[in-house]
Amino acid sequence: MIQAMRRGDIIQGFRDGIPIAMGYFAVAFSLGIIAKQAGLTAAIGFVSSFFTRASAGEYGVYTLVAAQAAYVEIVAMCLVTNLRYMLMSAALSQKIAPGTSWVHRVLMACCVTDEVFGISIAHKGYCPPAYTYSAALISTLLWASGCAAGILAGGMLPTNIVAALSVALYGMFLAIIMPPARNDRYVLYAVIASFVLSGACSIAPLVSGWSSGTRTIVLTIVISAVAAWWKPIDVKEEANG
């Protein structure tokens, strides 16, 4: 029975990860063009994308590499732009069944991206590690392949055309968050608040000077704290899906 459930989790993870992977390929392709301008080979681009899987982080890295920045600057930039994944990992830990080994918890945290986190959190009941692993594997392979393909293509395709393909990724992320928003008005309120406050903070005099990663972290903490205080979730009800 356990093996059958794991097989089903793996299949479902691959199935849900395929749309993510297709969107990732388009975005990573545009990053590959930038990586090509920074002098990276396709092999290096594949490896770096496989272990990073962060569009903003990789864009910053390739830009700094092209500018011949110091390693310290590159590491510091990655930490700032990707700090939000620490919050996502903490949230995902609440969807893991009690008794799950710390190895699985660490590996699931390493699999976290915006979209993989979204489908893992939306999983009914506890999220099995096999589901997250399979979704992360297929999406990571196409992300890394997209970057390598972009490097190989170089400047053959107009950047505007490739960048336009990335719009599908945002549509896919909306498809992840909208069903829960339709079922729970408090989730809808949180989604609307995140859109409004994110737009306001991008033009506010002081906050607009922060990096996008820092703004995301602050807004996530504030909105989540208000939502948790306003409408706390019953732990037993959540465990039952």
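The values are calculated or read from the model by the stated rules, or taken from the named source; none is laboratory data. What you see is a predicted model; the values in this text were computed from it and never measured. Quick reminder, even Gly has a Cβ in these numbers, built from the backbone with ideal geometry, and neighbours come from all protein chains shown. Accessible surface areas use protein heavy atoms only, side chains included; no ligands, DNA or RNA. Shrake-Rupley method; radii C 1.70, N 1.55, O 1.52, S 1.80 Å.
Details
- Counting the residues of the range 24-61 that are open to solvent by 20 Å² or more (accessible area, probe 1.4 Å) and part of a helix (DSSP H, G or I) gives 19.
For (1) modelled with pLDDT of 90 or more; (2) under 26 Å from A38 (Cα atoms); (3) open to solvent by less than 50 Å² (accessible area, probe 1.4 Å), each residue gets a yes or a no:
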{"residue": "M88", "(1), (2), (3)": "no, no, yes"}
{"residue": "A122", "(1), (2), (3)": "no, no, no"}
{"residue": "P129", "(1), (2), (3)": "yes, no, yes"}
{"residue": "S139", "(1), (2), (3)": "yes, yes, yes"}
{"residue": "I151", "(1), (2), (3)": "no, yes, yes"}
{"residue": "G155", "(1), (2), (3)": "no, yes, no"}
{"residue": "T159", "(1), (2), (3)": "no, yes, no"}
{"residue": "L165", "(1), (2), (3)": "no, yes, no"}
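- Residue within the range 41-53 that is free of Cβ contacts under 8 Å to residues at least 60 places away in the same chain and touching a helix residue (DSSP H, G or I) at 6+ places or on another chain (Cβ under 7 Å) present: yes
- Subset tally (residues that are more than 15 Å from the chain's Cα centre (by Cα) and of a type outside the set (A, V, I, L, M, F, W, C)) for the range 48-104: 15
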